[in-house]
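The values are calculated or read from the model by the stated rules, or taken from the named source; none is laboratory data. Please read all numbers here as calculations on a predicted model, not as lab measurements. Please note: Cβ atoms are built from the backbone with ideal geometry, for glycine as well, and neighbour counts cover all protein chains shown.
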Amino acid sequence: MSERMLRVCYFGTYRQNYSRNHIMITSLRRNGVTVLECHETLWQGIEDRVNTVSGGWTRPAFWGRMFRTYARLLRRYWAMRHAYDILVVGYPGQVDVYLARLLSWWQGKPLVWDVFMSIYLIAVERGLDRQSGLAVRLLRGLEWLACRLPDRLILDTAAYVHWFQQTHGVAPERFCLVPTGADSDQFAISATTATADNSTATSPCLVIYYGTFIPNHGVLTIVEAARHLASDPTIQLVLIGQGPDRAAAEALAQRYNLPNITFIDWLAQDALVQQVADATVVLGAFGTTPQSLMTVQNKIYEGLALGKPVLSGDGPAVRAALVAGEEIELCARNDSAALADAIRRLCADPARRARLAERGYRRFLCDYALAPLGRRCKTHLQETANRA
């Protein structure tokens, strides 16, 4: 099959606006792949999924919604069933992959699943096994079997592949790697997002975290680091977003009466990009959960895309993706004193910040922007299609 003719049906109830799915679809199209989206919305958000695992799955209303959603999805698929070469299930697809396997067998087409993350692990890290142990055990079994259905599986890091091998017994050779990366169209250096270092003798060193305030990110460690830095008026921290640990982080900052930390709700995309571009240092993740250690978060790549020096927690996945001390600054996780020291050193060393920013940006363009991500994914899909 000629590479120019590769046609992909991106299938399922995947989160359509989630960065992973958007990046995968956009990067493939950027590389000349025809991507047909066969999508229907099942989940209304994170809390909807949490409520389902916590007991909502036992209610007739949930099963009625499932039936209606998959009926619509099948109608969409019927219209494009002959128009693709390979079926790709988007994230999260632990349920979708069962239907996709039947459709792939029927049409004689190969099936690939972008697993990206384990929803079983996410449920455990959120403590849902303590609320609904049966549901989480069923979720583990669902995911175990789902991993055995596709012809190929996609993850973002070798560390996550190892976890799936240890937890679900999936052979590593069944996986291929496509890094998380970032949307280099949205997070792009331009006249309005200048990369010049904005920290001077008279302006503060602006350190920014943004995200969903989940335990993976270690936001409470960031607040504790702000306490260590409170006596230095030249360093200011801004935390942007919403999520489970937001209230606790704000309460901790208020308890310490910290003058150097500001909380901001989610911003529109353009405003968020500008905030990150205005930062002196961009923070990654500092949690110690398995999920945090096995992934390289979007915000890390997005900071690199804007030519900013990025500081994150150390770990095998981030070290495999980027050169520590050259393309990214790393410090011990769950260690507020180590984080504060790293922030202090970066804020005091503009030459080091400039080197990290320049080398991190070059590495991003080479390996983690839309074009290289799409080339890598296209190669994996082409190989799978050719073997079918």
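Between Leu311, Leu252, Leu229, which is within 20 Å of the chain's Cα centre (by Cα) and of a type outside the set (Val, Ile, Thr)? On inspection, the qualifying residue turns out to be Leu311. The single condition among (1) over 17 Å from Asp156 (Cβ atoms); (2) at pLDDT 95 or above that Thr69 does not meet is (2). Scanning the range 86-110 for residues that are in contact with a Pro (Cβ under 8 Å, 6 or more places away or on another chain) and not hydrophobic (A, V, I, L, M, F, W, C) yields Arg101, Ser104. In this structure, Val318 does not qualify as modelled with pLDDT of 95 or more, assigned to a loop (DSSP other than H, G, I, E, B), under 24 Å from Tyr18 (Cα atoms) and not assigned by TED's automatic domain parsing to the domain that holds Asp156. Scanning the range 361-377 turns up one or more residues that are part of a helix (DSSP H, G or I), in the same structural domain as Pro110 (by TED's automatic domain parsing) and either basic (Lys, Arg) or modelled with pLDDT under 95 (or both). Can you find even one residue in the range 336-349 that is of a type in the set (S, T, N, Q) and either not in a helix (DSSP H, G or I) or not assigned by TED's automatic domain parsing to the domain that holds Val219 (or both)? No, the range 336-349 contains no residue that is of a type in the set (S, T, N, Q) and either not in a helix (DSSP H, G or I) or not assigned by TED's automatic domain parsing to the domain that holds Val219 (or both).
Looking across the range 254-283 at every residue that is of a type outside the set (Val, Ile, Thr) and part of a strand (DSSP E or B), the one that is surrounded by the fewest Cβ atoms within 10 Å (Cβ to Cβ) is identified as Phe263. Annotation: Leu239 fulfils all but one of (1) touching a Ser or Thr at 6+ places or on another chain (Cβ under 6 Å); (2) surrounded by 23 or more Cβ atoms within 10 Å (Cβ to Cβ); the unmet one is (1). Scanning the range 158-173 for residues that are closer than 15 Å to Asp114 by Cα and either in contact with a Gly (Cβ under 6 Å, 6 or more places away or on another chain) or in contact (Cβ under 8 Å) with a residue 24 or more places away in the chain (or both) returns Ala158, Tyr160, Phe164. Across the range 1-41, which residue is surrounded by the most Cβ atoms within 10 Å (Cβ to Cβ) among those that are part of a helix (DSSP H, G or I) and of a type in the set (Gly, Ala, Ser)? Per the stated criteria, the residue is Ser27. Selection over the range 266-301 of residues that are in contact with a Lys or Arg (Cβ under 9 Å, 6 or more places away or on another chain) and not β-branched (Val, Ile, Thr) gives a count of 10.
Looking only at residues of the range 286-300 that are hydrophobic (A, V, I, L, M, F, W, C) and out of contact with any strand residue (DSSP E or B) (no Cβ under 6 Å at 6 or more places or on another chain), we find that the one that is surrounded by the fewest Cβ atoms within 10 Å (Cβ to Cβ) is Leu293. For the range 141-169, the set of residues classified as touching a Phe, Trp or Tyr at 6+ places or on another chain (Cβ under 8 Å) and crowded, with 19+ Cβ neighbours inside 10 Å consists of Glu143, Ala146, Cys147, Pro150, Arg152, Leu153, Ile154, Leu155, Asp156, Val161, Phe164, listed by residue number.
Listed by first and then second residue, the pairs with beta-carbon distance under 7 Å, at least 6 apart or on different chains, first residue in the range 228-249 and closer than 13 Å to Ile261 by Cβ and in the same structural domain as Gly211 (by TED's automatic domain parsing), second among the aliphatic types (A, V, I, L, M) and assigned to a loop (DSSP other than H, G, I, E, B), are Ala230/Leu258; Ile235/Leu229; Ile240/Leu267.
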